[in-house]
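Participant: Have a look at this one.
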Amino acid sequence: MTTMQLADFDYHLPDRLIAQHPPAVRGQSRLLHVDGPNLTDGCFDDFLGRVSAGDVLVFNDTRVVKARLFGEKASGGRVEALIERVTGPHEALAHVRASKSPKPGTTLIFAGRWHATMVERAGDLFRLRFEEGESVYDIMEASGSLPLPPYIDRSADGDDDSRYQTVYAREQGAVAAPTAGLHFTESMLQALEEKGVELAWVTLHVGAGTFMPVRVDDIADHVMHSERYEIPVATVECIARARRAGRRVMAIGTTSVRALESAARSGELVAGRGETDIFITPGYRFRVVDRLLTNFHLPKSTLLMLVSAFSGFETMREAYRHAVEHEYRFFSYGDAMLLEKREGTGR
């Protein structure tokens, strides 16, 4: 299938299946194993039995920041900013919502104490410069709130501060969680290592663009958002050893896929930092990833297109139909899928 339309990636999802809260205990989720036409229902505890000694699991260690700030213009009128990217100690690019978009030179006051000047527009974003003193990260930590996804119809609370964060989150910079990692507990990570599974790390700072809808009918016309990533040398070496030994590489989440495949566009996985706007759709040939653990994704989303490229378009249609019929919980706080790669889509 060479030309695909946005409607090809639509499906009906009852609102009641959109998870509004995490499970009562981290890791107590369901797991759907998708291996071609074979769909196996289980629980996330089964994951340990579905990996083998020597397998490499690649996790995204980004940390979600409290990127949503509320305030007002100095001239009056409420304003809300979602910090998309910190560009310096006192500067950031942000999405800004206000009754009237602030013009360059406008002063914004957040939480009654933090003053910022709108410097210029940068596409859909606004460049903000905060007064000297506390850094942008310190301001967000002191007065910001976690930016829960738009399909969660409530405000973030204290529980979200820990539950909308992986237990291994280290590198601050994301405005959305790498949600496949939310299922892992410290005890599960320890059990994986004791089994002989190798854990490797990448960083991809998830941007708000991950929630932006695709607005074109022909998906080939979609312009993908850009995100920052870093691949450590140790991860490249770990994956190279696995390849030489014929072992499998599993990405924990689509963000890990995007980082790895972006860093391997030359044909070989390369360590370093970069920006990626990679758009993975059916027909893509995967260079690094053999298996994928992921959550369920929104209809008509770029991430649904990615998993359809990985496991096959018709396989994903059937898997999602099955998940709806069996009332799995969907999206960020929902259940997980373990996907096997369809033959012919890689190396």
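Every number in this text was worked out from the coordinates using simple rules, so none of it is lab data. No experiment lies behind these values; they were computed from the predicted model shown. Cβ: placed from backbone, ideal geometry, glycine included. Neighbour counts: every protein chain shown.
Participant: Over the chain, what is the mean sequence separation of C-alpha contacts under 8 Å (at least six apart), divided by residue count, expressed as relative contact order in percent?
Facilitator: 24 percent
Participant: Just add up the charged neighbours of Arg16: K/R +1, D/E -1, any other residue whose Cβ is under 13 Å from the Cβ of Arg16.
Facilitator: Local charge sum for Arg16: -2.
Participant: Sticking with this structure for a sec: Go through the stretch 144-159 residue by residue and turn each phi into a ³J(HN,Hα) via Karplus (6.51, -1.76, 1.60, θ = phi - 60°); whole Hz please, and just put x for glycine and proline.
Facilitator: x, 10, 5, x, 4, x, x, 7, 8, 8, 7, 7, 5, 10, x, 5
Participant: Ok, one more. Quick one: which residues, 5 or more positions from Arg329 or on another chain, have an amide H under 5 Å from its amide H? H modelled 1.01 Å from N in the peptide plane, none for Pro or chain starts.
Facilitator: Asp335
Participant: Pull up the cross-link candidates among the lysines for Lys300, meaning alpha carbon to alpha carbon under 29 Å and not fewer than 8 places away within one chain.
Facilitator: Of all the lysines, those that pass the test against Lys300 - Cα under 29 Å, at least 8 places apart if same chain - are Lys66, Lys341.
Participant: Would you list the membrane-span-like helices of the chain, meaning whole DSSP H runs whose alpha-carbon atoms span at least 15 Å along their axis and whose mean Kyte-Doolittle value is at least -1.0?
Facilitator: Correct list, ordered by number: 233-244, 313-325.
Participant: For Lys100, which lysines qualify as cross-link partners when the Cα separation must be under 22 Å and same-chain residues fewer than eight apart are set aside?
Facilitator: Lys100 reaches Lys73.
Participant: Report, in debye and to the nearest 20, how large the dipole of the chain comes out about its Cα centre when Lys and Arg carry +1 and Asp and Glu carry -1 on their Cβ.
Facilitator: 480 debye
Participant: Cβ under 9 Å from Tyr229's Cβ, Tyr229 left aside: what net charge do those residues give with Lys, Arg +1 and Asp, Glu -1?
Facilitator: Value of the local net charge: 0.
Participant: Right, another one. List, in order, the whole-Hz ³J(HN,Hα) value for each residue of the stretch 200-214 obtained from phi through the Karplus relation with A = 6.51, B = -1.76, C = 1.60 and θ = phi - 60°; use x for Gly and Pro.
Facilitator: These are the phi-based 3J(HN,Hα) values: 10, 9, 9, 10, 9, 7, 5, x, 5, x, 4, 9, 6, x, 7 Hz.
Participant: Continuing with this model, one more query. Kirkwood-based Rg over Rh for the chain (C-alpha set), two decimals?
Facilitator: Across the chain, the Cα-based Rg/Rh ratio is 0.97.
Participant: A further question on this structure: Three principal axis extents, largest first, for the C-alpha atoms of the stretch 97-151, in Å?
Facilitator: 35, 26, 19
Participant: To the nearest 0.05, what FRET efficiency results for Ala24 and Arg244 with a Förster distance of 41 Å applied to their C-beta separation?
Facilitator: 0.45
Participant: Where the centroid of each part is defined by its Cα atoms, how far is the stretch 20-83 from the stretch 202-251 in Å?
Facilitator: 15 Å
Participant: Under 5 Å between amide H atoms, partner at least 5 residues away or on a different chain: which partners does Thr106 have, H built in plane at 1.01 Å?
Facilitator: Met118
Participant: From the gyration tensor of the Cα coordinates in the stretch 1-53, what semi-axes in whole Å does the equivalent ellipsoid have, largest first, with each one equal to sqrt(5λ)?
Facilitator: 27, 21, 9
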